[in-house]
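Have a look at the structure below, then the notes.
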Amino acid sequence: MSISPEAQAVHDRAFVLLAHLHMQRQFTPTAIEYVRPDEDVAGRQVDIPKLRQGGVKCIWLSEGGPGEVSVDPAAITAGQTEPNNRPAIRTVYRGASEVQRMLRGFDAVARLCQTHPDDLALARSVREAREIAASGRIAVFWHSEALLIANDLAMLRAYHALGMRVAGLVHGSPLDWVDNDLEQHDPSGLTEFGRQVVREMNRLGMVIDVSHSSPQTVRDVVQTTRQPIVASHSNPQRLSPLRRNLTDDLLRAIADTGGVVGIHCSSAFVDIACLHGRRGGRAAMYNQARLDLLDQIATPGALDPFQYEAAMRASGGAPSDAIFPTVHLERLIDHVDYLVNLVGIDHVGIGTDLQFLEDAVEDFDSAAKTPNVTEALLRRGYSAEAVGQILGGNFLRVMAAVIGE
Ligand SMILES: [Zn+2]
């Protein structure tokens, strides 16, 4: 897409915040290392040059859902084309190793910022984020999709002391105190301890992210929180009936807290036909190496969880013959329109989930193409002010409300 001078000016003025993305990293026996983050690597969706080219001022850099594996290979194979199967995902990190894994994530993000001081800086407050952006760098908030705290609020407080200001509660694996879109406890939602987690996050000033949460978890969080909450990367289920997307009721409930929903860039999240249209390489997507690992994790102590995660990630990824249908950014903007009509302009933002998407929407399949969103929104008739809100102003408002300036 070509960017008009007007769109470029709007984009340059906006506090462009991508509320959920990853960067390529590798797992060594002793640490997590980002891979050549300062190189503009072809085919990669996120690296520093692409963030720069996209005029991005702030990111929530996510360490994802650590060490998760489906303990049911048949279900994971079915899940390639059947979105609403129950893949029985568990994390191999339990107890103290949960905390060790989270600290390795923080260590990786902190060192990424320390080793690229001209481009990135770790932010712990809205004021810091604004100052970092004003100095021409990108503000990085440490984010995790799964709040692995070993069922211990002291760990949550320690993460906050390190700088965690926004966190997802749960990812692919349900935790003892919270369940997710894929699998529910009976009863579903938050346990009493889960409610304590929410209250402690409120007290500390940490934004609660309910993407990946079960519907009942979202309802329980909404009932318990005294502050705005977000779904950093989820789309309206009405337009693409994936369980990972959100129903109108839940979208309204999140907005009613004063919160924000960030749109997700996967084509399947935009149009479920893209999921049904996936073809190729089914067997290879759950190959023998991964099955061997499954055998090992079934035996307690047989595999170090860090070794497991490194091996699992090295063995993963789509085979080269796989086909992932995509839709154009314009269809994603339809989701923005839908959200704005449903919950209002104050409650919509941009999540993306870039770096590991096999089916990112065309013309927004890289952080470098973020100005295309501005162009597309202006062409739809959104005012410059409204575009600024969607590009990051709304998320920044929630952060200021929850974290304090
Ligand atoms: Zn996610």
Subset of region 1-31 (residues that are part of a strand (DSSP E or B) and either over 18 Å from the mean Cα position of the chain (by Cα) or not hydrophobic (A, V, I, L, M, F, W, C) (or both)): His20, Arg25, Gln26, Phe27
Quick check: anything in region 340-350 within 16 Å of the ligand (Cβ to nearest atom), closer than 20 Å to His264 by Cβ and modelled with pLDDT of 95 or more? yes
Restricting region 171-206 to residues that are of a type in the set (A, V, I, L, M) and assigned to a loop (DSSP other than H, G, I, E, B), the one farthest from Arg124 (Cα to Cα) turns out to be Leu182
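Among the residues in region 147-170, are any assigned to a strand (DSSP E or B) and more than 17 Å from the chain's Cα centre (by Cα)?
Taking every residue of region 147-170 in turn, none turns out to be assigned to a strand (DSSP E or B) and more than 17 Å from the chain's Cα centre (by Cα).
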Residues Phe356, Phe364: which one is within 16 Å of the ligand (Cβ to nearest atom) and part of a loop (DSSP other than H, G, I, E, B)? Phe356
Filtered residue count, region 220-270, keeping only those that are of a type in the set (Ser, Thr, Tyr), under 14 Å from the mean Cα position of the chain (by Cα) and surrounded by fewer than 24 Cβ atoms within 10 Å (Cβ to Cβ): 0
Hey, among the residues in region 64-89 that are under 20 Å from Asp359 (Cα atoms) and within 16 Å of the ligand (Cβ to nearest atom), which one's modelled with the highest pLDDT? Gly65
Considering region 216-243 alone, what residues qualify as being touching a Phe, Trp or Tyr at 6+ places or on another chain (Cβ under 9 Å), modelled with pLDDT of 95 or more and not hydroxyl-bearing (Ser, Thr, Tyr)? Val230, His233, Asn235, Pro236, Arg238, Leu239
Subset of region 207-232, residues part of a loop (DSSP other than H, G, I, E, B) and farther than 13 Å from Gly259 by Cα, comes to His212, Ser214
Would you mind telling me which numbered condition in (1) closer than 20 Å to Ala401 by Cβ; (2) more than 16 Å from the ligand (Cβ to nearest atom); (3) surrounded by 17 or more Cβ atoms within 10 Å (Cβ to Cβ) Met155 fails? (1)
Just the residues that are away from the ligand (no atom under 16 Å from the Cβ), under 23 Å from Val92 (Cβ atoms) and at pLDDT 95 or above, please, taken from region 177-215. Trp177, Thr191, Phe193, Gly194, Val197
The residue from Val340, Val387 that alone is over 17 Å from His233 (Cβ atoms), in a helix (DSSP H, G or I), in contact with a helix residue (DSSP H, G or I) (Cβ under 6 Å, 6 or more places away or on another chain) and among the β-branched types (Val, Ile, Thr) is Val387
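The values are calculated or read from the model by the stated rules, or taken from the named source; none is laboratory data. Keep in mind that this is a model prediction, so the values were computed, not measured. Quick reminder, even Gly has a Cβ in these numbers, built from the backbone with ideal geometry, and neighbours come from all protein chains shown.
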